[in-house]
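Remarks on the structure that follows.
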Amino acid sequence: MAAASLADRTPFVAGDFFADRLPEGHDTVRLSSILQDWSEADARRIPALCTDVLPADGTLIIYESFVGDDERGPAPAALMSLNTLVETWGRNYTAAEYTSWLREVGLRTERGSLLDGAPTTAALVARKARP
């Protein structure tokens, strides 16, 4: 962020999703390689907590390694999911699962895109509905 001259606009905040209220006053929350480490119940809860502090029209970005909606691949994402399941309580979730969970907490998915050089890593972008 410093190299891009964005350090003054992009704070990084340490905390505990479940013990602390997330900081307010930001229009975007990015969850990067976070949700895969948690059980489905907690992976659903974290975006809900983020939504609570987003303003109307705020954005939530989920940056993860996605398995296909049929949960059969691609191989790198499936292997990472297995590794995550062994080491944590989580797994790699599908875009359909995330989209459903986001809808439940008042977010609408705007787009998702694979990132160059990372065949299973994508950014799923969702926006909080206006009241």
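The values are calculated or read from the model by the stated rules, or taken from the named source; none is laboratory data. Nothing here was measured: the structure is a model prediction, and the numbers come from that model. Cβ sites come from the backbone with ideal geometry, for glycine too, and all protein chains shown count toward neighbours. For the accessible areas, the whole protein counts, side chains as well, though only heavy atoms, and no ligand, DNA or RNA atoms are used. Shrake-Rupley method; radii C 1.70, N 1.55, O 1.52, S 1.80 Å.
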Fill in: Lone qualifier among Ser32, Ser39 - being polar (S, T, N, Q) and under 11 Å from the mean Cα position of the chain (by Cα)
Ser32
Discussion item. Looking at the structure I just gave you, is Val13 open to solvent by 50 Å² or more (accessible area, probe 1.4 Å), without any contact (Cβ under 8 Å) to a residue 40 or more places away in the chain and of a type in the set (Val, Ile, Thr)?
Written reply: yes
Worksheet item: Can you name every residue in the stretch 16-27 that is loosely packed, with under 13 Cβ neighbours inside 10 Å and either in contact (Cβ under 8 Å) with a residue 24 or more places away in the chain or not in a loop (DSSP other than H, G, I, E, B) (or both)?
Response: Phe18, Arg21, Pro23, Glu24, Asp27
Worksheet item: What is the residue count in the stretch 34-48 for residues that are open to solvent by 50 Å² or more (accessible area, probe 1.4 Å) and touching a residue at least 12 places away in the same chain (Cβ under 8 Å)?
Response: 5
Worksheet item: Hey, any hits in the stretch 99-121 for a residue that's under 16 Å from Ala41 (Cα atoms), of a type in the set (S, T, N, Q) and either surrounded by 12 or more Cβ atoms within 10 Å (Cβ to Cβ) or at pLDDT 70 or above (or both)?
Response: yes
